[in-house]
Every structure is written in structure tokens, then in C-alpha cells.
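Report on the following structure.
The values are calculated or read from the model by the stated rules, or taken from the named source; none is laboratory data. Worth saying up front: this structure is predicted, and the values here are computed from it rather than measured. Cβ placement follows ideal geometry from the backbone for every residue including glycine, while neighbour counts extend to all protein chains displayed. With ligands, DNA and RNA removed, areas are computed over all heavy atoms of the protein, side chains included. Shrake-Rupley method; radii C 1.70, N 1.55, O 1.52, S 1.80 Å.
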Amino acid sequence: MTTERDYVLGTHDEEVARLGLQHRVWQPLVLDCWQRAGVTIGKRVLDLGAGPGYATVDLAEIVGPTGDIVALERSSKFVNAMKERIHARGLTNVKVHELDLMTDDLPKGEYDFSWCRWVLSFVSDPGLLVRKLGAVMPKGATAIFHEYGHYETWRFCPLLAMHECFREQVVATWCESGGQPDAALVLPSLLSQNGFITRSVRPHLFCIRPNDYMWQWPASFFEVYLPRLQEMGRIDQDFANKFRAELAAAQNDPNTLMITPLVLEIVAEKATS
């Protein structure tokens with residue numbers, strides 16, 4: 001099994017909490033996406049890179065007891081958190097596999113849908129994952145992705161110099177760990193090569209103020225990833241202090257705007273057996 005620290009974002013309790021807040025912020029958009037794609041009672045869904053299982057339990061409640069969710073996650077800590085969440089909800093229609101999407105085979109099944117959010121940006125070979133997905137998804141099944149398309153749209157108005165440096169460090173660490181921040185850009189061609197037809201692509205990008213709920217999505221990332229960058233030796237305490245001061249001033253200015261990273265929602269249908 002892989003070690004817990006080889007996730008570039010970590011698997012510590014603060015990251016579990018951040019992922020929960022992130023899920024709540026994005027939940028209305030995700031539920032709308034699933035509804036438009038046709039996820040409903042009785043369906044069978046493959047959840048790729050399920051993390052602590054926030055989306056997993058939502059899917060399980062949507063498909064109901066006559067449906068099934070197969071959740072895949074490599075972190076044992078995330079798997080344990082997911083199982084606790086499933087038990088707390090009294091769900092019996094979820095099967096959890098602790099496996100690595102890159103090195104292990106995906107479980108076969110008569111899936112109606114697959115769900116993959118912010119996973120391709122972090123795996124070492126997105127093409128390999130899409131090939132594996134194409135091998136287990138039957139003809140007529142639908143693959144749904146939310147992945148970054150242009151991470152550098154994440155900026156402040158007016159610009160914050162320390163944030164510009166912070167964002168560059170984030171992208172650098174993701175690339176050094178084998179990831180590709182803008183993985184959505186290659187996804188349509190990868191899907192086409194593996195028997196899928198892209199049915200829709202929808203951009204999700206927002207210009208928000210400090211009092212908007214979505215502001216909490218990137219704001220919570222700052223507090224989790226600043227210490228991670230310090231652990232990696234990429235920034236020092238002085239950088240962190242200056243960044244927090246700059247951010248605090250921006251958040252207290254009612255004229256501050258933040259543009260979020262561009263996320264592409266891609267929905268594709270498996271056209272071949």
C-alpha cells in the first residue's frame with residue numbers, strides 16, 4: 001500500500017475537514033450535474049478517488065437501496081473516514097475498495113455512471129486511468145468529470161502579489177508529484193481514444209466576494225496548504241505571515257474580488273463495448 005504522505009495535499013484531519021467544506025460549497029453544482037446526467041434511483045455508480053466519501057454518500061442516497069455505489073480510494077485514512085460516514089448514514093449500498101488507481105485494476109461491473117472529481121490533476125498518468133475506465137464501463141454508460149481546465153484563472157482583483165507566488169508554488173508541487181493541474185484539457189481526446197463520445201462540456205468559473213459562501217472553498221485551502229508548503233521547504237514562516245496579512249487585508253476590503261480556478265464539467269458516453 002502507498003504511504004499516507006504521498007498525497008501532495010495530505011490526508012491529515014485538517015484536510016478531511018477541508019474536503020468536507022469543499023464538498024458542501026460545490027454540492028448544489030454537483031447535484032445539478034448528476035441530475036442532468038441522469039443519476040437516479042436504482043443506478044450503479046463507480047466513484048473514482050472517493051476520498052473521505054462525501055460525494056459517495058450523496059450518490060448512495062440518490063440511487064437508493066436498489067442502486068449501488070462502488071467507491072475507490074487508496075488512502076487507508078480516507079477509507080476509514082468514508083466507512084464511518086457510510087455507517088453513520090445507515091447505508092448498505094456502498095462497496096469500498098482500497099486501491100491505487102494507477103497500479104491496481106479497477107473492479108468490473110455493470111456500471112451506469114462513473115464519477116471523478118479533481119483526480120486526474122493528481123494522478124501520474126491520466127491516460128492510463130481513462131484506459132482503465134474505458135475497459136470497465138459498458139456501452140451506453142456515462143462518465144462524469146469535474147477537473148481543472150485552467151488553474152491560473154485563480155486570481156484576485158486587485159492582484160495580490162503573495163497569492164500569485166502561492167499559486168505558482170501550488171502548481172509546481174503538483175507537477176513535481178507527477179500531477180497535471182489542467183488535466184481537463186486532455187480529457188476529451190483521451191475519452192475519444194477509449195471509446196467515449198463527449199456529450200457536454202460546461203465551464204465552472206466564479207467571481208466572488210469575501211462574504212460569498214464559495215469564498216470558503218479557496219480560503220480553507222490557504223490554511224491547509226501553507227503549512228504543507230513549509231513542510232516541503234518551498235516557503236518559510238516569513239512568506240506565510242506576509243501572505244496571511246495580505247489575505248486578511250483583502251478579505252476586509254468590500255471591493256476585493258476573487259476569480260476561482262476554472263473547472264470543466266465533462267460528460268461522456270461509452271459508445272463501444
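Computed quantities for the displayed model
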{"read-out": "Looking only at the stretch 138-157, and only at residues there that are among the charged types (D, E, K, R) and part of a strand (DSSP E or B), the one that is least open to solvent (accessible area, probe 1.4 Å)", "value": "Glu147"}
{"read-out": "Flag for Gln216 being open to solvent by less than 80 Å² (accessible area, probe 1.4 Å), touching a residue at least 24 places away in the same chain (Cβ under 8 Å) and either more than 18 Å from Trp26 (Cβ to Cβ) or in a helix (DSSP H, G or I) (or both)", "value": "yes"}
{"read-out": "Test: Ala172 is touching a residue at least 40 places away in the same chain (Cβ under 8 Å) and open to solvent by less than 20 Å² (accessible area, probe 1.4 Å)", "value": "no"}
{"read-out": "Condition check for Asp32: under 24 Å from Arg202 (Cβ atoms), under 15 Å from the mean Cα position of the chain (by Cα) and acidic (Asp, Glu)", "value": "no"}
{"read-out": "Wholly within the stretch 53-122, strands (runs of 3 or more DSSP E) carrying at least 1 residues that are surrounded by 16 or more Cβ atoms within 10 Å (Cβ to Cβ), within 16 Å of the chain's Cα centre (by Cα) and of a type in the set (D, E, K, R)", "value": "68-73, 113-117"}
{"read-out": "Of all residues in the stretch 61-110 being hydroxyl-bearing (Ser, Thr, Tyr) and out of contact with any Asp or Glu (no Cβ under 9 Å at 6 or more places or on another chain), the one that is nearest to Leu264 (Cα to Cα)", "value": "Thr103"}
{"read-out": "Close pairs (6 angstrom Cβ cut-off, 6 or more residues apart or separate chains): farther than 18 Å from Gln180 by Cα in the stretch 113-136, of a type in the set (D, E, K, R) and surrounded by fewer than 20 Cβ atoms within 10 Å (Cβ to Cβ) anywhere", "value": "Val136/Lys108"}
